[in-house]
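Student: Sending over a structure as structure tokens; questions will come in a sec.
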Amino acid sequence: MKAFVFPGQGSQFVGMGKDLYDSNTEAKALFDKADEILGFKITDIMFSGTDEELKQTKVTQPAVFIHSVLSAKFKADGKPDMVGGHSLGEFSALVAAEALTFEDALKLVSARAQAMQKACELKPSTMAAIIGLSDEQVEAVCQEVSNKDNLVVPANYNCPGQLVISGDIEAVNTACDKLKALGAKRALVLNVSGAFHSPLMQPAKEELEAAIRETEFHKPVCPVYQNVDGKAHTDPQGIKANLIAQLTSPVRWTEEVNEMVAAGATEFVECGPGKALQGMIGRICKGNENVSAHGLA
């Protein structure tokens, strides 16, 4: 069985999507539609902007979404039996599963990006990738360091031995020092503008919830695996609730991939920029010769 998976923020690059725009008239029409919906020429930034311009959350998230959805639509071979996305990628997955229209999903992605940007500006915060420790060791240190004024939590369970933490700058730095002392191979503070997938995103969650509640979701044509619990969902109301919860909850990617494999997935196709998910899936499914992961040509 084939699973389409979609990346999140951080996989963007200048030039993304230009080949599709130039070679496919249907794709070009959707790129132009995206410019119209967003009210600015995101295609100019995607195709020929600077890294700095592309790195702005309000640009990055719609750009990765547009590239991912159009890649799946025009480059992928056949239809998926199931879909999943990492963080932002969940919106791309919902379009691939026909639970959301391209237009409605893009509006939600834009609202999400702007709400997250505002939440980031309310309080300085960050994230850090912890490599080489067990999830339990990282969770214990986060619990030890955190208090009500200075928070750090597990945010992305990416694959065995790789967990991203998120929170207040001081708490993240303290946790990194303690985790290095415990033997982490790396505790790398990431170049992000805020503490995504943590309680610090609560203002963004409230703003996005209103937009999601007003948007029509359809029953997906295949199971959608969601970050909050790693499980398959097909009920539109349940999908909405999980999408709202996602902003302040950890991304359970390892669990999600394992659930897809248990349901019969043998081929994972990463639709969108970068190769990050292929690497994670390779580590999650290490030793399982029945499972492969690749991108699109």
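The values are calculated or read from the model by the stated rules, or taken from the named source; none is laboratory data. Bear in mind that the values here come from a model prediction, so they are computed numbers and not experimental data. Methodologically, a virtual Cβ is constructed for each residue, glycine included, from the backbone with ideal geometry; neighbour enumeration extends over all protein chains shown. The accessibility values were calculated without ligands, DNA or RNA, using every heavy atom of the protein model including side chains. Shrake-Rupley method; radii C 1.70, N 1.55, O 1.52, S 1.80 Å.
Student: Around Thr174, with a cut-off of 10 angstrom between Cβ atoms, what is the net charge of the other residues, counting Lys and Arg +1 and Asp and Glu -1?
Tutor: Residues near Thr174 contribute -3 overall.
Student: How high is the relative contact order of the stretch 1-98, in percent, with contacts defined as C-alpha pairs under 8 Å that are six or more residues apart?
Tutor: 46
Student: A further question on this structure: For the stretch 67-127, what's the relative contact order in percent, using C-alpha pairs closer than 8 Å and at least 6 residues apart?
Tutor: 25
Student: I'd like to compare 121-134, 54-67: which one has the highest average count of other Cβ atoms within 10 Å, and what's the full order after that? Write down the numbers at each step before the final one.
Tutor: On the way: 121-134: 17.9, 54-67: 23.6.
Packing proxy ranking, top to bottom: 54-67, 121-134.
Student: Also: Quick one: with all protein chains in place, what share of the accessible area of the stretch 130-275 is carbon or sulfur, to the nearest percent (1.4 Å probe)? Numbers along the way, then the final one.
Tutor: Working: 3130 of 6250 Å².
Answer for the stretch 130-275: carbon and sulfur cover 50 percent of the accessible area.
Student: Explain nothing, just compute: Karplus ³J(HN,Hα) = 6.51 cos²θ - 1.76 cosθ + 1.60, θ = phi - 60°, for every residue of the stretch 57-69 in order, whole Hz, x for Gly and Pro.
Tutor: 3, 5, 9, 4, 5, x, 5, 5, 4, 4, 4, 5, 5
Student: May I ask for the Rg/Rh ratio of the stretch 166-259, computed from Cα atoms with Rh as the Kirkwood radius, given to two decimals? Before the final figure, lay out each step's value.
Tutor: On the way: Rg = 16.4 Å, Rh = 15.3 Å.
Dividing the radius of gyration by the Kirkwood radius yields 1.07.
Student: Please state the relative contact order of the chain as a whole percent: Cα pairs under 8 Å, 6+ residues apart?
Tutor: 24
Student: 222 nm [θ] for the chain, helices only, -39500 (n - 2.57) per DSSP H run of 4+, per residue, to 500?
Tutor: Calculated from helices alone, the mean residue ellipticity at 222 nm is -15000 deg cm²/dmol.
Student: Compute the angle between helix 102-122 and the longest alpha-carbon principal axis of the chain, please, reported from 0 to 90 degrees and rounded to the nearest 10.
Tutor: The two axes meet at around 30 degrees.
Student: Rounded to the nearest whole Å², what accessible area per residue is found for the chain with the 1.4 Å probe?
Tutor: Using a 1.4 Å probe on heavy atoms only, each residue of the chain averages 42 Å².
Student: Further, regarding this structure: How large is the charge dipole for the chain, taken about the Cα centre, if only the Cβ atoms of Lys, Arg (+1) and Asp, Glu (-1) carry charge, to the nearest 20 debye?
Tutor: 340
Student: Mind ranking 254-265, 160-171 by how tightly packed they are, going by the mean number of other C-beta atoms within 10 angstrom, highest first?
Tutor: Going by the mean number of other Cβ atoms within 10 Å, highest first, we get 160-171, 254-265.
Student: So between Asp235 and Lys219, what do we pick up on full extension, going 0.36 nm a residue minus the alpha carbon distance?
Tutor: 5.1 nm
Student: In whole percent, and with a 1.4 Å probe on the protein chains, what portion of the accessible area of the stretch 10-92 is carbon and sulfur?
Tutor: 47
Student: Any idea which of Gln114, Trp253, Pro80 is furthest toward the positive side of the dipole for the chain, if Lys and Arg beta-carbons carry +1 and Asp and Glu beta-carbons -1?
Tutor: It is Trp253.
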